[in-house]
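**Student:** Quick one: the structure is below, and I'll ask about it shortly.
The values are calculated or read from the model by the stated rules, or taken from the named source; none is laboratory data. No experiment lies behind these values; they were computed from the predicted model shown. Because the Cβ atoms are built from the backbone with ideal geometry, glycine has one as well, and the counts that use them run over all protein chains shown. Accessible surface is based on the protein model in full, side chains and every heavy atom, while ligands, DNA and RNA are left aside. Shrake-Rupley method; radii C 1.70, N 1.55, O 1.52, S 1.80 Å.
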Amino acid sequence: MAENIQAGSNPEKVQPTSVSRYETIRVPILRPTEYPIWKVNMTMFLEATDPEYLDRINDGPHKPTKLSHVVAGQEQKIVPKEKKDLTPEDISSIAKDAKVRHLLHSALDNVMSNRVIGCKTAKEIWDALEVRCQGTSAIKKNMKTILTQEYEHFDSRPDETLTETYDRFCKLLNDLSLVDKEYDLEESNLKFLLSLPERWDLKATTIRDNYDLAETELDEIYGLLKTHELEIEQRNKRSGKKTKFVALKVEEKLLKKKTSKKKAMGKALVINSENESSNSDDDSNIVESSESEDDEEQMMQMAALMERFKL
């Protein structure tokens with residue numbers, strides 16, 4: 001860019017200002033149900049665009065003043081400047097209220113914009129949006145009481161993970177902060193650890209004994225717990241593979257024993273059948289031998305009769 005600047009030209013006119021750079025960033029859009037988050041985002045956006053914009057939503061438009069003329073016997077007073085007495089700085093500060101009003105309307109849809117269209121200053125728009133989205137001071141007081149009770153009775157749910165419990169606790173702390181209720185770091189850290197299920201007791205006690213809860217951030221404690229959870233999951237996976245391998249080995253041994261028993265029973269059946277067949281053969285041989293012996297006796301009787309007839 002420096003090469004394109006001609007000699008004698010003013011480089012300040014070429015270089016963009018910080019305001020123009022931030023004005024190109026998209027304005028956070030307001031969703032009434034998410035007003036607390038929008039308020040934080042919009043405040044950061046206005047401060048990053050121009051720190052004086054925050055003065056416009058907190059204190060109202062800039063009103064240039066001056067000391068009154070000296071009058072004998074009277075003290076000088078601070079009075080508003082007349083238009084002819086305004087300096088370029090005064091004009092610039094006055095115009096910033098209109099810029100903030102424009103940015104606020106750019107963050108609203110048509111419905112919300114119509115509700116604040118009658119507001120004359122950026123502060124009036126800002127206050128009107130807070131009342132419409134968050135309620136009056138009495139409503140905020142009631143909300144503060146409800147959130148405080150929710151914090152005191154906060155506990156993990158049976159069906160939620162560590163991350164879900166942590167996210168819910170962080171959201172509760174943020175909601176409390178928006179109604180001007182905050183807890184010490186040590187107290188909130190201890191509350192979170194005590195709200196965890198019984199299976200976290202040993203790890204929670206280790207963290208309490210080895211870390212200063214007054215100096216340790218909540219996200220660091222969550223990181224320690226999450227790391228421990230991942231290590232347990234990996235250990236369970238490895239032990240699961242080992243148990244499966246051992247179970248397969250046991251099944252193989254049982255199958256081998258069963259097959260060996262079946263073979264032994266088969267052999268016993270064969271031997272028994274052979275013994276039975278051999279026994280039946282012996283019986284048949286005995287029968288045959290007895291039958292042959294009977295035939296011989298008959299032959300001998302016949303021979304004896306024939307000899308008697310011959311005589």
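**Student:** In the stretch 172-225, what residues are within 28 Å of Ile139 (Cβ to Cβ) and β-branched (Val, Ile, Thr)?
**Tutor:** Once the filter is applied, which keeps residues that are within 28 Å of Ile139 (Cβ to Cβ) and β-branched (Val, Ile, Thr), the stretch 172-225 yields only Val179.
**Student:** Using the structure shown, decide if Thr165 is open to solvent by 50 Å² or more (accessible area, probe 1.4 Å), among the hydroxyl-bearing types (Ser, Thr, Tyr) and closer than 30 Å to Glu130 by Cα.
**Tutor:** It is false that Thr165 is open to solvent by 50 Å² or more (accessible area, probe 1.4 Å), among the hydroxyl-bearing types (Ser, Thr, Tyr) and closer than 30 Å to Glu130 by Cα.
**Student:** Restricting to the stretch 27-57, what's the tally of residues that are under 18 Å from Met112 (Cα atoms), open to solvent by less than 60 Å² (accessible area, probe 1.4 Å) and basic (Lys, Arg)?
**Tutor:** 1
**Student:** What number of residues within the stretch 174-188 are assigned to a loop (DSSP other than H, G, I, E, B) and crowded, with 17+ Cβ neighbours inside 10 Å?
**Tutor:** Counting residues in the stretch 174-188 that are assigned to a loop (DSSP other than H, G, I, E, B) and crowded, with 17+ Cβ neighbours inside 10 Å gives 1.
**Student:** Something else: What's the number of the condition Thr165 fails, among (1) over 29 Å from Ser137 (Cα atoms); (2) modelled with pLDDT under 95; (3) not aliphatic (A, V, I, L, M)?
**Tutor:** For Thr165, the failing item is (2).
**Student:** Same structure, new question: Inside the stretch 189-226, can you point out the residues that are surrounded by 10 or more Cβ atoms within 10 Å (Cβ to Cβ), in a helix (DSSP H, G or I) and among the polar types (S, T, N, Q)?
**Tutor:** Asn189, Thr205, Thr206
**Student:** Additional query: Name the residues in the stretch 124-162 that are open to solvent by 30 Å² or more (accessible area, probe 1.4 Å), under 29 Å from Pro197 (Cβ atoms) and either in contact (Cβ under 8 Å) with a residue 40 or more places away in the chain or touching a Cys at 6+ places or on another chain (Cβ under 6 Å) (or both), would you?
**Tutor:** Scanning the stretch 124-162 gives a single hit, Asp155.
**Student:** If I filter the stretch 100-110 for residues that are in a loop (DSSP other than H, G, I, E, B) and exposed (fewer than 12 other Cβ atoms within 10 Å of the Cβ), do I get at least one hit?
**Tutor:** Checking the stretch 100-110: at least one residue is in a loop (DSSP other than H, G, I, E, B) and exposed (fewer than 12 other Cβ atoms within 10 Å of the Cβ).
**Student:** Kindly indicate whether Asp97 is at pLDDT 85 or above, within 20 Å of Asp127 (Cα to Cα) and open to solvent by 60 Å² or more (accessible area, probe 1.4 Å).
**Tutor:** It is false that Asp97 is at pLDDT 85 or above, within 20 Å of Asp127 (Cα to Cα) and open to solvent by 60 Å² or more (accessible area, probe 1.4 Å).
**Student:** Filter the stretch 62-77 for residues that are open to solvent by 100 Å² or more (accessible area, probe 1.4 Å) and closer than 30 Å to Lys99 by Cα; which is modelled with the lowest pLDDT?
**Tutor:** Going through the qualifying residues, I end up with Leu67.
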